[in-house]
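Below is one structure, written out as structure tokens; the observations come after it.
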Ligand SMILES: [Zn+2]
């Protein structure tokens, strides 16, 4: 399985990444990637450069640290990953996963093929996504689905063709499975933004869009 990591260049979609979450969240099956304070990761002795903090007070707004470049792919060689962190009241679970990273283009194509959102899908809130956004776990995996916000009442809206993130014209109008507004945002812009900082919330109503499986075209 690890042979998929060759070549190790960043163009290879297969990556070896570290998922970390607070252990008390694991029981619910809904995990966000979150490291304890002052965490430091070393792979085979050298420091792994990654943003481990994300947006303040918003767990889950970081990408899993990628250790592919530092892995030694040689028979008989044991790779060592050390994670050190400040003492914490919470316990953390750390796992190394082999994942296949999707590009924005691939996810846009997937959403395009799926077509328009149906009323049934909007109403069926039990359909949780099998994978999360860019990181499709090849080995067994953690699935993140943030808690849904309480229902929010919306007043009358005017329909705009301007994307609320980029402020340019929407080319692929979309919204989340749980959105109840008529306004749309651009799917590619949304995905590009979440590739950098994974907040996975609707830029219009702030409801959770757990993964690309929760994103639909809306014409
Ligand atoms: Zn929304």
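The values are calculated or read from the model by the stated rules, or taken from the named source; none is laboratory data. Quick caveat, the model's predicted, so the values are computed rather than measured. Glycine gets a Cβ as well: all are built from the backbone with ideal geometry, and neighbour counts include every protein chain shown.
I'm checking my understanding of the structure. Among residues of the stretch 53-78 that are assigned to a loop (DSSP other than H, G, I, E, B) and touching a strand residue (DSSP E or B) at 6+ places or on another chain (Cβ under 7 Å), which one is farthest from residue 201 (Cα to Cα)? Going through the qualifying residues, I end up with 71.
Any residue that is within 23 Å of residue 200 (Cβ to Cβ), outside any strand (DSSP E or B) and at pLDDT 90 or above - is there at least one of those in the stretch 42-50? Spell out how you get there, then give the answer.
To start, the set of residues in the stretch 42-50 that are within 23 Å of residue 200 (Cβ to Cβ) comprises 50.
This time we only want the ones that are outside any strand (DSSP E or B), so: 50.
Restricting the remaining residues to those that are at pLDDT 90 or above gives 50.
So far as the stretch 42-50 goes, yes, one or more of its residues are within 23 Å of residue 200 (Cβ to Cβ), outside any strand (DSSP E or B) and at pLDDT 90 or above.
Within the stretch 178-219, being within 10 Å of the ligand (Cβ to nearest atom) and touching a residue at least 60 places away in the same chain (Cβ under 8 Å) holds for one residue alone: 208.
Residues considered: 31, 43, 20. Of these, the only one that is closer than 21 Å to residue 91 by Cβ, buried (at least 17 other Cβ atoms within 10 Å of the Cβ), in contact with a helix residue (DSSP H, G or I) (Cβ under 7 Å, 6 or more places away or on another chain) and in contact (Cβ under 8 Å) with a residue 24 or more places away in the chain is 31. Could you go through the stretch 63-85 and let me know if any residue there is farther than 30 Å from residue 3 by Cβ, under 22 Å from the mean Cα position of the chain (by Cα) and crowded, with 18+ Cβ neighbours inside 10 Å. No - not one qualifying residue is present in the stretch 63-85.
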